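Derivation of every value follows stated rules applied to the coordinates shown; laboratory data play no part. Every value quoted in this text rests on a predicted model; they were computed, and no experiment measured them. When we count neighbours, we look across all protein chains shown, and the Cβ atoms used for this are built from the backbone with ideal geometry, even at glycine.
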Amino acid sequence: MIEGNVLARLETLELSLRDYRSALKSAKAVGARGGAIYDVLHLEAARRGEAKRILTVNVRHFQAFGPDVKAMITEP
């Protein structure tokens, strides 16, 4: 079900060491810790992939961690 309905619509990309460093620097700046680091990494991937929208059920955290992309963050 996931392969047929979701994966076919997604594009994957690998984050580089530079991307990880940028994300960790951002995480430190916004006070993200623990599992929130993954949110910051998702935002970094969205930036790098030039995403048009970022869908999340945790809009408030994503907007706090990505003020530069705040307008793109919404619920599914």
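Ile2 label point, 7 Å along Cα→Cβ, cut-off 14 Å on backbone N: hits in region 9-38?
From region 9-38, the list is 9-10.
What residues have an amide H closer than 5 Å to that of Ile73, excluding those fewer than 5 places away on the same chain, when H is modeled at 1.01 Å from N in the peptide plane?
Those qualifying (amide H under 5 Å, at least 5 residues apart or on another chain) are Ile54.
Going highest first, how would you order 14-22, 62-70, 2-10 by mean Cβ packing within 10 Å?
Per-residue Cβ counts within 10 Å, averaged per peptide and sorted highest first, yield 62-70, 14-22, 2-10.
Using only helices, what value at 222 nm comes out for the chain when you add -39,500 (n - 2.57) per DSSP H run of length 4 or more and divide by the total residues, to the nearest 500 deg cm²/dmol?
Dividing the helical sum by the residues of the chain leaves -14500 deg cm²/dmol.
With a ≥ b ≥ c the root eigenvalues of the C-alpha gyration tensor of region 14-74, is it rounded (a/c under 1.5), prolate (a/b larger than b/c) or oblate?
Note, shape of region 14-74 comes out oblate.
What residues of region 18-38 lie in the reach of a label at Asp68, counting those whose backbone N is under 20 Å from a point 7 Å from the Cα along Cα→Cβ?
Under 20 Å, as judged by backbone N against the label point of Asp68, lie 18-33, 36-38 of region 18-38.
Quick one: putting +1 on the C-beta of Lys and Arg, -1 on the C-beta of Asp and Glu, what dipole do you get for region 14-74 around its Cα centre, in Debye to the nearest 20? Can you show the working numbers first?
Details: 11 positive and 6 negative charges, 30 e Å.
Value, rounded to 20: 140 debye.
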